[in-house]
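Accompanying notes for the structure given below.
The values are calculated or read from the model by the stated rules, or taken from the named source; none is laboratory data. Source: prediction; values computed, not measured. Don't worry about glycine lacking a Cβ; one is built from the backbone with ideal geometry, like all the others, and counts go over all protein chains shown. Heads up: the accessible areas ignore ligands, DNA and RNA and are worked out on the full protein's heavy atoms, side chains in. Shrake-Rupley method; radii C 1.70, N 1.55, O 1.52, S 1.80 Å.
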Amino acid sequence: MIEFLAASIRIATPILLAALGGILSERAGVFAVGLEGMMLVGAFGATIGTWASDSAYAGLVLALVGGAAMGLVVSVVAVRFRADNMVTGLAANIVALGLTSYLMRIIASSGAPIAIHNTLLPVLPIPGLVDIPEIGPLLFAHPPLTYLTLILCIALTFLLNRTQIGLTLRATGENPEVVYASGLNPLLVRMLAVIACGAVAGLGGAVLSMQQVGTFTDSMTSGRGYLALAALIVGRWTPWGAAAACLVFGAAEAFELRLQGFGVPVSSYVVQMVPYLIGLAVLAGLGRNSRMPAAIGLPLHRDR
Amino acid sequence: MPPLLEMLGIVRTFGAVRANDNINLTVQSGEILGLLGENGSGKSTLMKVLYGMLPPDSGDIRFRDAPLDAKSPFDAIKAGIAMIHQHFMLVEAMTVTENILLGWPGGGQVLKHKQMAEHIRQASRRFGLDLDPDARISALSLGRRQRVEILKAILRDAELLILDEPTSNLAPTEVRELLDIMRRLRSEGKGIVFISHKLPEVLDVCDRVVVLRAGKLAGEAAVASISREQLAEMMVGRNVPMPRVTEGEHRRGALRLSVRGLSATGLSAITFDLRGGEILGIAGVDGNGQLELAEALAGLRPVTDGIVLIGDHDATQASVTARVEMGLAYLPADRSHTALVKAMTVFDNLMLRDSRRPPYGTRALLTPKTGVARARDLMAQYDIRAPGVDFVVGQLSGGNQQKVVIARELSRAPTAVVAHQATWGLDPGATRFVLDQMIALRQQGAAIVYISSELEEILSISDRIAVMAGGAIAGVTPNRNVDLRQIGLWMSGRHA
């Protein structure tokens, strides 16, 4: 049981990081369709950074920078030039897939080892707490980025609800004209939010490549960015809501792995659909509900 | 003491048009100045110049005894001027407190919700605003939302408030409360510029009025020394009396519209009969079922019970299109969303509901040649002032937009008309145009349901007056020696 829950948390972590980034973007009024690509570039950057410098910190920095760069591209196209959010995000995902795969080939052909293997980030048990029976090993024996995810979840909640930055960001997603009338710049708010989204989602990619796999493979995010998108909607655009949704999704996937292990005759494809089906059901129930940022996807006025 | 605001010799041109031609205007602290003028008279331009939204060609502005050169609204706000727009600058999904905190100068990064809520409570008490800091904007009435805007101005220490048509969306009780709040602000030493079309309100609350006409100063007077008629004449340069229909000037026609026990969401058991050549005025405080009635008659709202007959046809379950074919025309209150597609041209909007009929087209194809000719005729006939049929409707003035709707709906020679708030936001000249169209149609034998919260208009053109309250008809009276007290009682929902 503990093992199953730990697996759920492990699977949920990268998705939650991407979802947290997505919350920044969507609460500011930009659909975060590009999460998949941001994660992928983050995973790639983390692998290359760690491999080239032999330092996990360099990997993290490159993951942040890579994700943020994707965010910058999306923000320039979708916010500055008012392109459709959906199309921009999807295009960014395709570009990220092609770019990372291509760069991997270049690195491989330049005499480097074909397969890069980095050591995984170590588990950091929290002294004292980890010895609590049952929940100790479940909650207090994780690699560093998992703790960071929890901290970010708390920090983002505070940022959104209790700071001027958060208030301005939320207002930009609801009614950018009001933000403009308050003497602030909604264009800048949205661009920065999308860039920050990229950085955080890039970190999500880093969790995959640094904490779970140890290398980069083509398309290694395999839909987790879209899952993150579903999670933030199911979680009603709040960090804790997204966390709960990610854990449910994580549990579903962990369950699937188990079923496969026991040879239960349920197609894994069916089980993989479950998180998305939950997402669709919630979306249908929600409609364009008031909890959805009111101005999401709407371009800023031309003269603002 | 020098005046709070002094605008001297303001000139602003747009191409060849002199929107502001050498205008002087002063406001004292503790004074309410009425700024009057028809649409296009230059009021908005003048206020935009003051608020830093448009640079003047020439002229000087002094505020609080120092030159004011606002390059943007933020400069004006910083100097102590607040403009309260017709459409509110509020985030609906947030609370009053959050809206006030948004962009709050100083105060640091971490929000102080509690402290601000206390500020709001105090100011709310002092100015009689009656606002709950924790209320979500989406749950507030338009009147309350307006007060949030006023509160925002007060809390940012604005000394001069510009209220742009602040009463146009308010129910009568809310209007009274707003006027009281304005008096309260005046007694606290604030200066107020009150822009309005509604003369009774202006005469009620203002100390002084300035009237603009065609970009020029048309007059200035203390309210105590001027009559309503003089004021109206100053605005339009001629006397525009309300039209008046008299009974018996023509014969009543056949039964055109028959409504029996009509019920829908927000509407209960409405019954009336209307003959050709008759106008039924429906009065009442906004939000008492008028919208529901108009939509149920037009076929936009599902009917739960009752019957609607248009001529001889049972229209109860008929589609919007079928009702048009039965001879019904509809002038909705929400001109910009229900009646017009603002991003489309005058021509497109004129043929919108008739594109399948000549001269605009056939069942399958459009016939632009004859259609455009027809649209040109309508523009001339209904005096739609636009550069051409290809002009985008959203860029026309409110009065001209309404003329497009009227041209489309009434040129079909309807036998029955439902008009809801047909003069909303129009100046006296345009209002007169709409009323004249109604009377002309009555003369031609159409049956008209004229729904309006402007009692004056109802009294002016109706043959019979019905009053709505709480989704039902509270009373009906012929428009002859009307007892206004009785109408007031019906409006307040009391069946006396």
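With the full set of protein chains in place, find how many percent of the accessible area of region B:255-491 is carbon and sulfur; take the probe as 1.4 Å. List each step's numbers first, then the result.
On the way: 5050 of 9460 Å².
Taking all protein chains in place, region B:255-491 shows 53 percent carbon and sulfur surface.
Magnitude of the charge dipole for region B:373-496, about its Cα centre and with charges confined to Cβ atoms of Lys, Arg (+1) and Asp, Glu (-1), is about 220 debye. Across all Cα pairs in chain A, the calculated P(r) in 10 Å bins from zero up to the longest distance comes to 7, 27, 34, 23, 8, 1, 0 percent per bin. Computing FRET efficiency as 1/(1 + (r/R0)^6) for A:SER101 and B:GLN317, where r is the C-beta to C-beta distance and R0 is 45 Å, gives about 0.15.
Residues whose amide H falls under 5 Å from that of B:MET83, counting only those 5 or more places apart or on a different chain, are B:ILE162, with hydrogens built in the peptide plane.
Considering only the other residues whose Cβ falls under 13 Å of the Cβ of B:LEU274, what net charge follows from Lys and Arg at +1 and Asp and Glu at -1? Can you show the working numbers first?
Working: positive: B:ARG252, B:ARG256, B:ARG260, B:ARG275, B:ARG442, B:ARG464; negative: B:ASP273, B:GLU278, B:ASP463.
Within the 13 Å Cβ shell, the charges total +3.
Prolate is the label for region B:55-161, because a/c, from the alpha-carbon gyration tensor with a ≥ b ≥ c as root eigenvalues, is 1.5 or above and a/b exceeds b/c. Here the calculated FRET efficiency for B:THR338 and B:ASP305, from their Cβ-Cβ distance with R0 = 41 Å, stands at 0.95, rounded to the nearest 0.05. Mind checking which of B:VAL210, B:SER124, B:LEU170 is farthest towards the positive end of region B:5-236's charge dipole, using Cβ charges of +1 (Lys, Arg) and -1 (Asp, Glu) about the Cα centre? Final value for the positive-end residue is B:SER124. Longest stretch of chain B clear of exposed loop sites (GluC sites (Glu not before Pro), DSSP loop, at most 16 other Cβ atoms within 10 Å, sites excluded): B:250-453. When A and B come together, around 1700 square angstrom of accessible surface is lost from both chains combined, probe 1.4 Å. Over the protein assembly as shown, dividing the summed -39,500 (n - 2.57) contributions of all DSSP H runs of at least 4 residues by the number of residues returns a 222 nm mean residue ellipticity of -14500 deg cm²/dmol. Just to confirm the number: angle between the C-alpha axis of helix B:398-410 and the first principal axis of chain B, 0 to 90 degrees, nearest 10? Taking Cα atoms only, the helix is inclined about 10 degrees.
Under 5 Å from the amide H of B:ALA70 lies no amide H of any residue 5 or more positions distant or on a separate chain, with H modelled from the backbone and absent for Pro and chain starts. Net charge in the neighbourhood of B:MET468 (other residues with Cβ under 12 Å of its Cβ; Lys, Arg +1, Asp, Glu -1) is -2. Accessible-area rank, largest first, for A:TYR147, B:TYR330, A:TYR102: A:TYR102, A:TYR147, B:TYR330, with all protein chains present and a 1.4 angstrom probe.
Long hydrophobic helices in chain A: the complete DSSP H runs spanning 20 Å or more by Cα along their own axis with mean Kyte-Doolittle hydropathy of at least 1.0 are A:2-27, A:35-53, A:56-74, A:85-109, A:144-162, A:186-206, A:268-286. Is region B:255-491 best put as rounded, prolate or oblate by its Cα gyration tensor, with a ≥ b ≥ c the root eigenvalues, rounded for a/c under 1.5, and otherwise prolate when a/b is larger than b/c, oblate when not? Since a/c reaches 1.5 and a/b is larger than b/c, the shape of region B:255-491 is classed as prolate. Take the Cα of A:LEU124, go 7 Å toward its beta carbon, and the backbone nitrogen atoms of region A:197-221 under 14 Å from that spot belong to A:211. Does anything in region B:295-333 have its amide N under 15 Å from the 7 Å Cα→Cβ label point of B:ARG260, and if so which residues? The answer is B:305-317, whose backbone nitrogens lie closer than 15 Å to the label point.
Using only the alpha carbons of the protein assembly as shown, what is the convex hull's orientation-averaged projected area in square nanometres?
Details: hull surface 176.3 nm².
Result: 44.1 nm².
When chain A is treated as a Gaussian network with alpha carbon springs shorter than 10 Å, the biggest mean-square fluctuation among A:GLY214, A:GLY241, A:GLY202 belongs to A:GLY241. Extension gain for B:HIS113-B:SER355 works out to 81.6 nm (0.36 nm per residue, less the C-alpha to C-alpha distance).
With a Förster radius of 45 Å, plug the Cβ-Cβ distance of B:LEU203 and B:ALA123 into 1/(1 + (r/R0)^6) and report the FRET value to the nearest 0.05. Intermediate values should be presented prior to the final figure.
Working: r = 29 Å, r/R0 = 0.64.
Between B:LEU203 and B:ALA123 the formula returns 0.95.
A cut-off under 11 angstrom between Cβ atoms defines the neighbours of B:ILE154, and their net charge, with Lys, Arg +1 and Asp, Glu -1, is +2. Is the C-alpha gyration tensor of chain B telling us rounded, prolate or oblate? Criteria: a/c under 1.5 is rounded; beyond that, a/b larger than b/c is prolate, otherwise oblate. Judged from the Cα gyration tensor, chain B comes out prolate (a/c at least 1.5, a/b above b/c). Atom-type composition of the exposed protein surface of chain A places 71 percent of the accessible area on carbon and sulfur (1.4 angstrom probe).
For chain B, the longest principal axis of the alpha carbon atoms and the long axis of helix B:428-443 meet at an angle near 10°. Note that the protein assembly as shown presents 43 Å² accessible area per residue, ligands and nucleic acids not counted, probe 1.4 Å.
Taking a cut-off of 20 Å, what percent of all Cα-Cα pairs in region B:248-334 are separated by more than that? Of all Cα-Cα pairs in region B:248-334, 32 percent lie more than 20 Å apart. Once you've got the GNM for chain A with C-alpha springs shorter than 10 Å, pick whichever of A:LEU169, A:LEU20, A:LEU229 has the biggest mean-square fluctuation. So, out of A:LEU169, A:LEU20, A:LEU229, the one fluctuating most is A:LEU169.
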